[in-house]
Each structure stands twice: as structure tokens, then as C-alpha cells.
Amino acid sequence: MKYLKSAVLVPDYPPPNRPEVAVAGRSNAGKSSFLNAIAGSKVAHVSQEPGKTRLLNFFEFGSHYRFVDMPGYGFAARSGDEMQSWSQMVETYLTLRGNLKGLVLLMDLRREWTADEEMLKKYCQQSGKAFCVALTKADKCSTKEQRERLKVIQKTSQVAETFLISSQTKTGIKELEDFIFNEWIKNKETR
Ligand SMILES: Nc1nc2c(ncn2[C@@H]2O[C@H](COP(=O)(O)OP(=O)(O)OP(=O)(O)O)[C@@H](O)[C@H]2O)c(=O)[nH]1
Ligand SMILES: [Mg+2]
């Protein structure tokens, strides 16, 4: 995995010559840690202070596709103007990017599905993008609790494609990576 560039506006995106997979979620959900776990090295910045990443960060993942680390949301200290620019940037990217294949929505398994997650799911449905949910920080709960959380989130989100992962122990990382490649990338043309 190699960092490519960061962008806010459409003209600054890299050329759409590779399929892309977006990684989104609330601030502190574990997006950057997930990318580092997949990469096997520190390519994405893991924040000390939540909500600092405000750009779309593009990473080249092998020669097949890219990951896009999206800025986290739900950080209380943000102003109305900042929220506005965040949702505009995210909506623009999710609805206009033709080479975007799908979005992995990360959430801490101890949190609940909220209107923010629902909004991202809707953007993907409306623009025909694939969508899955990955419950992060599985290592924080017992196996029994993990299974319970998975069921609760599947039910409230109405998303069947739901994974349990831990970037710390690497649990579920390979399975999610295989799912993304096999279901969203392999044998799919870049539109
Ligand atoms: N125990 C545990 N901690 C994790 C895991 N993944 C991430 N964390 C911790 O959660 C915090 C947030 O992780 P990040 O990867 O920076 O989260 P992010 O979603 O990129 O956050 P923003 O960039 O602010 O939106 C860090 O302190 C991580 O070390 C995990 O699988 N297990
Ligand atoms: Mg981050």
C-alpha cells in the first residue's frame, strides 16, 4: 500500500484509472488503523486527536485498486460550517466518482447505528455503490459479546454484509480484504 495523494475538490482527485474502495466512519472508528493493518505497515496516520483528517486520502493498493480514507464525522467540536463542507465533500465523492466500487463503513462495535451511518448507506444505495459494514475493535469484547453486537447492528442497519475486525489482533482483516477483492474488484471493469 502506498500513499498517493490527498484531495478535497474533484479536480484534485487522482485520474479515475483504477477502481476505488472508500473507507468511512465516525472519527476514531479505526479507519486509518484498518488501512495500516491491511497494508502491514504504517501508511495512514493514526490520530492522537480525533477528527484531524479532513481530506480524502488516496492510497494505491497493489496494482488492482485504491483505498480512499475518508474524513471521520461526528466530532462534537466541529462547527456547522465544517459539517457542511464535510458532507458536501463526501456526497460529491460518493455520488460522482465513477470508478468508486463500494464503501466499507467502519464502526466501533460498542457503538450504535446512527443517522450518520444511515446517510452514508443511502448515498451508496442512491448511486448504486456496493456497501458493507465492518465492526472494529473486536478485541475490546468477548467472543460472545462480539456475536451479540454483530446481530444487533445487522438488525438495526438492515445490512447483511457485516464483518467483525480488529486491526490490533488482525482478526477478520484478511476475510474483509478477500471479500472486497472478490465481490467488488475482480472481473469488474472500471466504469
Ligand atoms: N483496541 C483497538 N484499538 C483500535 C483498533 N483500531 C483502532 N484503534 C484505536 O482507536 C483510535 C482511533 O483509530 P484511528 O485509526 O486513528 O481512527 P480513524 O477512524 O482513522 O479516526 P479519524 O481519522 O479521526 O477519523 C486509535 O487510538 C487506535 O489505536 C482495534 O482494532 N483495536
Ligand atoms: Mg484517520
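Tally Lys/Arg at +1 and Asp/Glu at -1 over every other residue whose Cβ is under 9 Å from the Cβ of Glu60; what's the total? Don't skip to the answer; put the middle values down first.
Numbers: positive: Lys2, Arg18, Arg66; negative: none.
Spelling it out: positives minus negatives among the neighbours equals +3.
Could you run the Karplus curve 6.51 cos²θ - 1.76 cosθ + 1.60 with θ = phi - 60° over the stretch 3-12 and give me ³J(HN,Hα) per residue in whole Hz, x for Gly and Pro?
Values, residue by residue: 5, 9, 6, 10, 7, 10, 9, 3, x, 8 Hz.
I want the antiparallel fraction of DSSP beta bridges within the stretch 1-159, as a percent rounded to 5. If you can, show how the numbers build up before the last one.
Values: 10 of 27 bridges.
Taking every DSSP beta bridge within the stretch 1-159, about 35 percent pair in antiparallel fashion.
Select from the chain the helices, each a whole stretch of DSSP H, whose alpha-carbon atoms run 20 Å or more along the helix axis and whose Kyte-Doolittle mean is at least -0.5; answer none if there are none.
Passing helices, by number: 80-96.
Pick out which of Ala24, Ala115, Ala37 has the largest mean-square fluctuation in a Gaussian network model of the chain, springs linking Cα atoms closer than 10 Å.
Among Ala24, Ala115, Ala37, the largest GNM mean-square fluctuation belongs to Ala115.
Rounded to whole Å, give me the distance from the Cα center of the stretch 81-113 to that of the stretch 126-191.
16 Å
Relative to the Cα centre, what is the charge dipole magnitude of the chain, using +1 at the beta carbon of each Lys and Arg, -1 at the beta carbon of each Asp and Glu, and rounding to the nearest 20 debye?
Numbers: 29 positive and 22 negative charges, 61 e Å.
Dipole size: approximately 300 debye.
Out of Asp69, Asp108, Asp139, any idea which swings most in a Gaussian network model of the chain, alpha carbons joined below 10 Å?
Evaluated over the chain, the most mobile residue of the options is Asp139.
Readers should treat all values here as calculations from the given coordinates under stated rules, not as data from a laboratory. The model shown is predicted, which means the values in this text are computed figures rather than measured ones. A quick note on method: Cβ atoms are made from the backbone with ideal geometry, for glycine too, and the neighbour counts reach across all protein chains shown.
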